[in-house]
Amino acid sequence: MGPYLGGGGMRPAVFLDRDGTIITSVHYLADPELVHLIDGSGRAMRALQSAGYALVVVSNQSAVGRGMLTVERLFEVHDAMCRQLAEDGVALDGFYFCPAVPATGDCTAIDHPDRKPAPGMLLRAAIDLDLDLSRSWMIGDMASDVLAGRNAGCMGSILVRTGLGLPEDLGELADVPIAADIMDAADMILAHDWPDPSGSAPATARIPAHDRGDPPPPF
Ligand SMILES: [Mg+2]
């Protein structure tokens, strides 16, 4: 049981990008058959949920705005993802998507209040789900994800390498922690919340080894 369970008041959340973070990236994903969890996604999300974090997916879906994907189809894809996550005992607390079509290809430019890097989806979720943004995190595979978390006032944001690739030069985001994958990112979040009391040990994985599916670290 994490420190956030059992008390009243606002919960922290982990906001999650979908494509390239929870599931493998497929360009304009419209087929539920093509939904594949990235290895460890379910276990990582279960660990975060067990620690008291609400799990909220925030996804840019310009394919909807472009007329290439119906909302019904989007939810079929979403349901396919949820069924796979349920096999790992995960139930999402929220799912927000933004259908807006960007005006430019610059993923750091805000051109709609909901489309990442704008914080609209995160801010709405905070109201809907009574979330404490100042103790919340954002995990994603693109600069727009990190910026959305930052713009929403999250405690931190983490990039993952499971997307289509990070730019060589992250520019103003050079100080953002980069995780191998969502499991690694979950480790970072949980280690951040429970720092070693001695202050000297490295931030060890807080996810039980049996949940990780790989051997525990050698310290
Ligand atoms: Mg993504």
5 angstrom amide H check on Asp132, placed H, neighbours 5+ away = Arg11, Ala13
Taking θ as phi - 60°, what are the ³J(HN,Hα) couplings along the stretch 29-34 by the Karplus curve (6.51, -1.76, 1.60), each to the nearest whole Hz, with x for Gly and Pro?
-> 4, 9, 10, x, 5, 9
Please report Phe97, Phe15 as a ranked list, fewest other C-beta atoms within 10 angstrom at the top and most at the bottom.
-> Phe97, Phe15
Label points 7 Å out from Cα along the Cβ direction at Ile127 and Asp111: separation in nm?
-> 2.5
Would you be so kind as to identify which of Gly65, Ala186, Gln84 lies farthest towards the positive end of the dipole of the stretch 13-211, taking Lys and Arg as +1 and Asp and Glu as -1 on Cβ and the Cα centre as origin?
-> Gly65
Spacing of the two label points (7 Å from each Cα toward its C-beta) at His192 and Val101, in nm | 3.6
With a sphere of radius 9 Å drawn around the Cβ of Ile139, what net charge do the other residues whose Cβ falls strictly inside it have (Lys, Arg +1; Asp, Glu -1)?
-> -3
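State whether the stretch 57-153 is rounded, prolate or oblate according to the following rule on the C-alpha gyration tensor (a ≥ b ≥ c being the square roots of its eigenvalues): a/c under 1.5 gives rounded; otherwise a/b larger than b/c gives prolate, and the remaining case gives oblate.
Oblate.
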How would you rank Met81, Met142, Met45, going from fewest to most other Cβ atoms within 10 Å of each one's own Cβ?
-> Met81, Met142, Met45
Least to most buried among Tyr96, Tyr53 (fewest other Cβ within 10 Å first) = Tyr96, Tyr53
Taking the dipole about the Cα centre of the stretch 1-141, with the C-beta of Lys and Arg at +1 and of Asp and Glu at -1, give me whichever of Leu74, Cys98, Tyr28 is farthest to the positive side.
-> Cys98
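Throughout, read-outs are computed from the coordinates displayed, never taken from laboratory work. Here the structure is a predicted model, which means the values were calculated and not measured. Quick reminder, even Gly has a Cβ in these numbers, built from the backbone with ideal geometry, and neighbours come from all protein chains shown.
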